[in-house]
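*Asks:* Just passing along the structure, written as structure tokens.
The values are calculated or read from the model by the stated rules, or taken from the named source; none is laboratory data. Here the structure is a predicted model, which means the values were calculated and not measured. Cβ sites come from the backbone with ideal geometry, for glycine too, and all protein chains shown count toward neighbours.
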Amino acid sequence: MTSSPPVRASAGALPVVVVVGRPNVGKSTLANRIAGRQVAIVQEEPGVTRDRLELECEWAGTQFRLVDTGGVVEGGGSLDAKVSEQSLRAVAAADLILFVLDATTGITGEDADVASRLRRAGDKVLVVANKVDSERREADAWELAGLGLGAPQMVSALHGRGVGDLLDEVVARLPPGAGQPASEQLVLAGEHGTEAEGAQAVPIAVAIVGRPNVGKSTLFNRLVGEERSVVHDMPGTTRDAIDTLVETDAGTLRLIDTAGMRRRARGGDAPEYYSLVRSLRALDHADVALLVLDATEGVTHQDQRLAERVDASGSPAVILLNKWDLLDTERRLEVNEEVGEKLAFLGYAPVLRISARSGMGVHRLIPVVADSIAAYHRRIPTSRLNEALRAAQSAHPAPGARILYAVQGAVDPPTVTLFATRRLQPTYLRYLERYLRERFELGPTPIDLRVRVRPGRAGR
């Protein structure tokens, strides 16, 4: 696959610890236990984890990047093959591999197949015997030493038994000097660099959101430049919100590939429910939201509802009309009209017409994201703000009210408090928003206008 310049994958400074094994041995439960929070989706059915989920973890003062994989399956379908390929790519880049097995079932044929693939990694493999809930299970766990990859570390990921000892062994096996705490790195950067340089160390969080099967993961892979997220023609392939750091001309971006959002998760489908929760959480914490639409289907009702959720998050938004190359001229005109009518409340959001699969138009995305972030952080001097508002009122006075003065109280997004003699009508607030957006070039970001009434000032 050909990536679109100028995006380059970032390896990062932290050592990488990869959790691997056949499906349903407790890899995600162990990842959650090590991370200390419920991040990976856990469900009593095989194949719930499909993508590589990266987590920053710390133990005994040593930081490392934990990668939870979807498992390795031999002889499965096309989706199983892609999941296995993802897992093996993660293994190839690992500093340490946690080979998780189920001590209650012993060595299966699938375990033996995975072990044969891991033997070439040599001493980078640490065998983890999971579901050793008591001392009685320890005797069963020793059978796993027969794989020839060393003595197993016995844990119960569900109950936490033995996980501390496992992490001690993990830290001991990491390369010497690896995993320096990020706080120390920032202090060192501050000693040798400027304050602005230190601020740039924080990556920009960019969430890719949309309905299932609109091409989010294909776009994610295109931006990262490798098959980082599983892409398959079955809706709902991505279950977790996964992220990757990439270096771009706009700085370091943290791209977050979220699960497809439906209007309502089906009752009883726990993985889908938790996928939705994590996608919404990723959206709420994102600096920029990329709303991906399938241009061949136009703007659906679900697209509208999701766009409302994006607008409510307060983050800058970019609308991406994917699969644009599949539309003829007449259909393109129709879709443009649909966007203007059905997504009018996102009128500030730039609209890019792209093909994630071929790369058409994707090169325009990074500059737009950079502009969005710049506008999101912009602070307007109070004197210039009030000068602009006086000009706006002179051109179109507020019906039955007058704005006395205004201040910008916050950024992210730009938040302006208007002190007025009476409440301002919504239509007039929209007029002021458009005026300020054009006057100060705040196009790609939302603007939060708040009104405070100062009674008794109308006659002054």
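*Asks:* Scanning the stretch 44-65 for residues that are among the β-branched types (Val, Ile, Thr) and not in a strand (DSSP E or B), which turns out modelled with the lowest pLDDT?
*Replies:* The selected residue is 48.
*Asks:* Filter the stretch 428-443 down to residues that are of a type in the set (A, V, I, L, M, F, W, C) and out of contact with any strand residue (DSSP E or B) (no Cβ under 8 Å at 6 or more places or on another chain) and give me whichever is surrounded by the most Cβ atoms within 10 Å (Cβ to Cβ).
*Replies:* Only one residue tops the list, namely 442.
*Asks:* Just give me the residues in the stretch 354-398 being under 15 Å from residue 322 (Cβ atoms) and basic (Lys, Arg), in sequence order.
*Replies:* If the condition is that a residue be under 15 Å from residue 322 (Cβ atoms) and basic (Lys, Arg), then 357, 364 are the ones that fit.
*Asks:* What pairs come out if I take residues in the stretch 391-409 that are among the small types (Gly, Ala, Ser) and pair them with residues that are part of a strand (DSSP E or B) whose C-beta lies under 7 Å away, six or more apart or interchain?
*Replies:* Short answer, once both residue conditions are applied: 401/420; 406/416; 406/417; 406/418; 406/419; 409/415; 409/417.
*Asks:* Let me ask another. May I ask you to verify whether residue 95 is modelled with pLDDT of 85 or more, surrounded by 13 or more Cβ atoms within 10 Å (Cβ to Cβ) and of a type outside the set (Val, Ile, Thr)?
*Replies:* Yes: the conditions hold for residue 95.
*Asks:* Is it true that residue 8 is buried (at least 24 other Cβ atoms within 10 Å of the Cβ), under 23 Å from residue 217 (Cβ atoms) and modelled with pLDDT under 50?
*Replies:* no
*Asks:* Moving on. Within the bounds of the stretch 147-161, is there any residue that is part of a helix (DSSP H, G or I), more than 12 Å from residue 30 (Cβ to Cβ) and touching a residue at least 12 places away in the same chain (Cβ under 8 Å)?
*Replies:* Scanning the stretch 147-161, I find at least one residue that is part of a helix (DSSP H, G or I), more than 12 Å from residue 30 (Cβ to Cβ) and touching a residue at least 12 places away in the same chain (Cβ under 8 Å), so the answer is yes.
*Asks:* Still on this structure, please answer the following. Working only within the stretch 343-363, note down all residues that are crowded, with 20+ Cβ neighbours inside 10 Å, outside any helix (DSSP H, G or I) and touching a residue at least 60 places away in the same chain (Cβ under 8 Å).
*Replies:* Correct list: 348, 349, 354, 356.
*Asks:* Out of 73, 20, report the one residue that is modelled with pLDDT of 75 or more, in contact with a Ser or Thr (Cβ under 7 Å, 6 or more places away or on another chain), of a type in the set (A, V, I, L, M, F, W, C) and crowded, with 20+ Cβ neighbours inside 10 Å.
*Replies:* Just a single option satisfies the conditions, and that option is 20.
*Asks:* Considering (1) out of contact with any Gly (no Cβ under 9 Å at 6 or more places or on another chain); (2) modelled with pLDDT of 90 or more; (3) not in a helix (DSSP H, G or I), say which one residue 104 fails and leave the rest.
*Replies:* Of (1) out of contact with any Gly (no Cβ under 9 Å at 6 or more places or on another chain); (2) modelled with pLDDT of 90 or more; (3) not in a helix (DSSP H, G or I), only one is false for residue 104: (2).
*Asks:* A further question follows. Specify which of the listed residues (391, 374) is assigned to a helix (DSSP H, G or I) and over 29 Å from residue 288 (Cα atoms).
*Replies:* The unique qualifying residue is 391.
*Asks:* Now a separate question. Filter the stretch 333-381 down to the residues that are within 28 Å of residue 224 (Cα to Cα), of a type in the set (D, E, K, R) and touching a helix residue (DSSP H, G or I) at 6+ places or on another chain (Cβ under 9 Å), then identify the one that is modelled with the lowest pLDDT.
*Replies:* 357
*Asks:* For the stretch 379-427, which residues satisfy the criterion of being under 16 Å from residue 448 (Cβ atoms) and out of contact with any strand residue (DSSP E or B) (no Cβ under 9 Å at 6 or more places or on another chain)?
*Replies:* 411, 412, 426
*Asks:* Can you tell me which residue is modelled with the lowest pLDDT among those in the stretch 276-301 that are under 19 Å from residue 352 (Cα atoms) and part of a loop (DSSP other than H, G, I, E, B)?
*Replies:* Ranking the qualifying residues of the stretch 276-301, first place goes to 287.
*Asks:* Considering each of 310, 292, 288 in turn, give the residue that is within 17 Å of the chain's Cα centre (by Cα) and either free of Cβ contacts under 8 Å to residues at least 12 places away in the same chain or within 12 Å of residue 211 (Cα to Cα) (or both).
*Replies:* The unique qualifying residue is 292.
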